[in-house]
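Step one of this worksheet: look at the structure below.
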Amino acid sequence: MTELLSKILLIIANTLLIPVMLLLIGFTALMVVYLGGLIREAWERKRHIGEFRRLVADLKSQPSRTVRRADIPARFGLPAKIMSRLSPGSVDKDLDDAHLSMEAALSKLSIGIRVGPMLGLMGTLIPLGPALMAMSGGNIAALTQSLVVAFTTTVTGLLIAGVSFVIYTIRQRWYAQDLNDLEFVIKRLE
């Protein structure tokens with residue numbers, strides 16, 4: 001009975017190997033896209049967000065100064081985008097919505113942080129069964145092939161998690177600073 005159950009579990013595990021590998025490839029491609037988006041956003045921030053930070057610094061140094069919406073042009077990026085959506089009667093709600101939107105963008109990355117290592121571990125453990133069977137049968141070629149799959153899936157899963165974590169951390173810092181500055185600027189609106 002145990003042998004039958006073991007064979008069933010082996011079939012299930014072996015059946016999962018291809019989907020796990022495809023998911024790892026898909027997540028890797030997605031991380032490349034997210035990394036490109038981060039580089040683009042960093043470039044835009046380098047070019048324009050400094051102006052917004054200077055506006056915030058000016059407002060801090062001049063407590064009586066006010067600001068108009070026109071003082072925050074579209075090139076200021078995310079703060080300008082949020083500012084353009086603000087309604088006079090619902091500023092708090094609009095800021096909460098912006099915060100939720102930022103959290104939603106970050107949650108996509110947290111999936112990669114958590115799922116990448118899980119897929120990598122599955123991709124490691126699944127081929128170890130066939131590798132051990134190949135070793136017991138003296139089939140070195142099959143053993144080698146299974147071990148290559150095991151180790152490359154581990155590395156790929158960790159890569160997905162690492163890249164996701166770096167992007168998550170950078171964007172979280174940017175978004176927190178943007179919201180903080182934006183709340184300060186909104187208090188000074190005419």
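Screening segment 56-77 for residues that are touching a Lys or Arg at 6+ places or on another chain (Cβ under 9 Å) and surrounded by 14 or more Cβ atoms within 10 Å (Cβ to Cβ) and picking the one that is modelled with the highest pLDDT gives Leu59. Entry remark, segment 100-124: residues being modelled with pLDDT of 95 or more, over 12 Å from the mean Cα position of the chain (by Cα) and among the hydrophobic types (A, V, I, L, M, F, W, C) number 4 in total. Condition check: surrounded by 14 or more Cβ atoms within 10 Å (Cβ to Cβ), within 27 Å of the chain's Cα centre (by Cα) and farther than 21 Å from Asp97 by Cα. Does Leu159 satisfy that? It is true that Leu159 is surrounded by 14 or more Cβ atoms within 10 Å (Cβ to Cβ), within 27 Å of the chain's Cα centre (by Cα) and farther than 21 Å from Asp97 by Cα. Scanning segment 111-129 for residues that are surrounded by 19 or more Cβ atoms within 10 Å (Cβ to Cβ) and among the small types (Gly, Ala, Ser) gives Gly112, Gly116, Gly120, Gly123. Taking the criterion of being charged (D, E, K, R) and touching a helix residue (DSSP H, G or I) at 6+ places or on another chain (Cβ under 7 Å), the residues of segment 55-78 that qualify are Arg65, Arg69, Asp71, Arg75.
The requirement of being touching a Pro at 6+ places or on another chain (Cβ under 6 Å), assigned to a helix (DSSP H, G or I), touching a residue at least 12 places away in the same chain (Cβ under 8 Å) and farther than 28 Å from Leu78 by Cβ is satisfied by Ala150.
The listed residues are Arg85, Arg53, Arg45, and the only one of them that is surrounded by 14 or more Cβ atoms within 10 Å (Cβ to Cβ), out of contact with any Leu (no Cβ under 7 Å at 6 or more places or on another chain) and closer than 18 Å to Lys187 by Cα turns out to be Arg53. Before we move on, is Val149 modelled with pLDDT of 90 or more and among the β-branched types (Val, Ile, Thr)? The answer is yes for Val149. Within segment 1-36, being at pLDDT 95 or above, surrounded by 11 or more Cβ atoms within 10 Å (Cβ to Cβ) and either of a type outside the set (A, V, I, L, M, F, W, C) or outside any helix (DSSP H, G or I) (or both) holds for Pro19, Gly26, Thr28, Tyr34.
The values are calculated or read from the model by the stated rules, or taken from the named source; none is laboratory data. Everything quoted here is computed from the prediction, not taken from an experiment. Ideal geometry is used to build each Cβ from the backbone, glycine not excepted, and the neighbour counts take in all protein chains shown.
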